[in-house]
Amino acid sequence: MGHPRLFITQPANDTRTPMAPVQAFVDALAARGHHVEMDVIEGGHTGTGTEDSIRMVESWLDFAERVVGG
């Protein structure tokens with residue numbers, strides 16, 4: 001069995017979890033053959049409001065459907 005698949009939602013201006021270390025994590029996993037996807041959204045740690053929340057949930061569901069099938 002292969003590596004688990006990972007999907008990360010990363011706000012572009014997150015001060016709690018800055019982009020650089022998250023990108024380094026994603027790059028390191030990918031370099032080791034892991035399936036990892038990152039969706040960068042606007043805003044800070046919690047996004048910019050309802051629109052970002054909807055987009056995040058839609059992207060998670062899309063990923064789950066692609067990985068698990070649906």
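Across region 11-23, which residue is farthest from Val67 (Cα to Cα) among those that are in contact with a helix residue (DSSP H, G or I) (Cβ under 9 Å, 6 or more places away or on another chain) and open to solvent by less than 80 Å² (accessible area, probe 1.4 Å)?
Checking each candidate, the answer is Asp14.
Given the criteria assigned to a helix (DSSP H, G or I), among the charged types (D, E, K, R), modelled with pLDDT of 90 or more and out of contact with any His (no Cβ under 8 Å at 6 or more places or on another chain), does Asp52 qualify?
On the way: assigned to a helix (DSSP H, G or I): yes; among the charged types (D, E, K, R): yes; modelled with pLDDT of 90 or more: no; out of contact with any His (no Cβ under 8 Å at 6 or more places or on another chain): yes.
So Asp52 does not fit the description; no.
Within region 1-43, restricting attention to residues that are part of a loop (DSSP other than H, G, I, E, B) and aliphatic (A, V, I, L, M), which residue is nearest to Glu58 (Cα to Cα)?
Of region 1-43, the ones part of a loop (DSSP other than H, G, I, E, B) are 1-5, 12-18, 32-35, 42-43.
From what is left, the residues that are aliphatic (A, V, I, L, M) are 1, 12.
On the way: Met1: 27, Ala12: 18 Å.
It comes out as Ala12.
Go through region 26-57 residue by residue and tally those that are within 19 Å of Val67 (Cβ to Cβ), out of contact with any Ser or Thr (no Cβ under 8 Å at 6 or more places or on another chain) and not basic (Lys, Arg). Give the derivation first.
Filtering region 26-57 down to residues within 19 Å of Val67 (Cβ to Cβ) leaves 26, 29-30, 32-39, 55-57.
Filter once more, keeping what is out of contact with any Ser or Thr (no Cβ under 8 Å at 6 or more places or on another chain): 26, 29-30, 32-37, 55, 57.
Those still in the list that are not basic (Lys, Arg) too: 26, 29-30, 33-37, 57.
Selection size over region 26-57: 9.
Restricting the search to region 55-70, which residues are open to solvent by 50 Å² or more (accessible area, probe 1.4 Å) and in contact with a strand residue (DSSP E or B) (Cβ under 7 Å, 6 or more places away or on another chain)?
Across region 55-70, the qualifying residues are Arg55, Trp60.
Which number in (1) open to solvent by 80 Å² or more (accessible area, probe 1.4 Å); (2) over 11 Å from the mean Cα position of the chain (by Cα) marks the one condition that Asp52 misses?
(1)
If the requirement is being open to solvent by less than 50 Å² (accessible area, probe 1.4 Å), modelled with pLDDT of 90 or more and aliphatic (A, V, I, L, M), which of these qualifies: Val26, Val40?
Checking each option against the conditions leaves just Val26.
The values are calculated or read from the model by the stated rules, or taken from the named source; none is laboratory data. These numbers were taken from a predicted model, which means no experiment stands behind them. As a convention, Cβ positions derive from the backbone with ideal geometry for all residues, glycine included, and neighbour counts pool all protein chains shown. Accessible surface is based on the protein model in full, side chains and every heavy atom, while ligands, DNA and RNA are left aside. Shrake-Rupley method; radii C 1.70, N 1.55, O 1.52, S 1.80 Å.
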